[in-house]
Amino acid sequence: MAAELDALSYKQIVEQGLREFPNECCGVIAADASGRPSKVIQMRNADASPVSYRLDAEEQLKVFNQIEDEGWSLWAIYHSHTNSDAYPSETDVRLAFYPDSRYLLLSLTDRNQPVLRSFFIRDGEITEEELQIV
């Protein structure tokens, strides 16, 4: 079964990626009580880099507390690749600390046709999940 992401959330992620280009963008998507993605939370890339991303630790704590306080759950962690495919890099795999979360990767290699893909990364193993924009 494919994961579904609404078109508005997709648009918010793409717009953030284009706005922060050439640096990678990042953030999380919270799910409501039914498990459906309901809120894109754009975050600052603490690395401010075109080749890596790191969620700011203080901001991450605040966001994760907000998700918990609202009764939401973590649906996805996302970031962009500005000059490579939407596929987890070795660094992405090494730093994938949330095995129950999906990781969305946005490729901006062709900024006119961004590509967003979904993966689970567990124990160093990458599994792609079909992602439908609805």
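Close contacts from segment 32-43, counting a first residue that is exposed (fewer than 11 other Cβ atoms within 10 Å of the Cβ) and a second that is of a type outside the set (K, R), with Cβ to Cβ under 6 Å and a gap of 6+ residues or different chains, come to A33/G71. The residues of segment 72-90 that are open to solvent by less than 50 Å² (accessible area, probe 1.4 Å), assigned to a loop (DSSP other than H, G, I, E, B) and in contact with a Leu (Cβ under 7 Å, 6 or more places away or on another chain), listed by number, are T82, A86, P88.
Checking the structure you have, find out if any residue of segment 74-97 is among the charged types (D, E, K, R) and more than 21 Å from F120 (Cα to Cα). Step through it out loud before you land on a result.
First, the residues of segment 74-97 that are among the charged types (D, E, K, R): 85, 90, 92, 94.
Within this subset, residues satisfying the condition of being more than 21 Å from F120 (Cα to Cα) are none.
Within segment 74-97 (the criterion being among the charged types (D, E, K, R) and more than 21 Å from F120 (Cα to Cα)), the answer is no, since none of the residues qualifies.
Pairs meeting the criteria (first residue in segment 66-95 and under 20 Å from L108 (Cβ atoms), second residue among the aromatic types (F, W, Y) and at pLDDT 95 or above, beta carbons under 6 Å, at least 6 apart or on different chains) are I77/Y103; H79/Y53; T82/F21; P88/F119.
Report yes if A7 is in contact (Cβ under 8 Å) with a residue 40 or more places away in the chain and open to solvent by less than 20 Å² (accessible area, probe 1.4 Å), otherwise no. So A7 does not fit the description; no.
One residue stands out among those in segment 1-42 that are polar (S, T, N, Q) and outside any loop (DSSP other than H, G, I, E, B): the one that is nearest to S84 (Cα to Cα), which is Q16.
The values are calculated or read from the model by the stated rules, or taken from the named source; none is laboratory data. Keep in mind the model is a prediction, meaning the values are calculated, not measured. Using ideal geometry, Cβ is built from the backbone for each residue, glycine included, and neighbour counts are taken over all protein chains shown. Remember, those area values only see protein heavy atoms, side chains included, never the ligands or the DNA or RNA. Shrake-Rupley method; radii C 1.70, N 1.55, O 1.52, S 1.80 Å.
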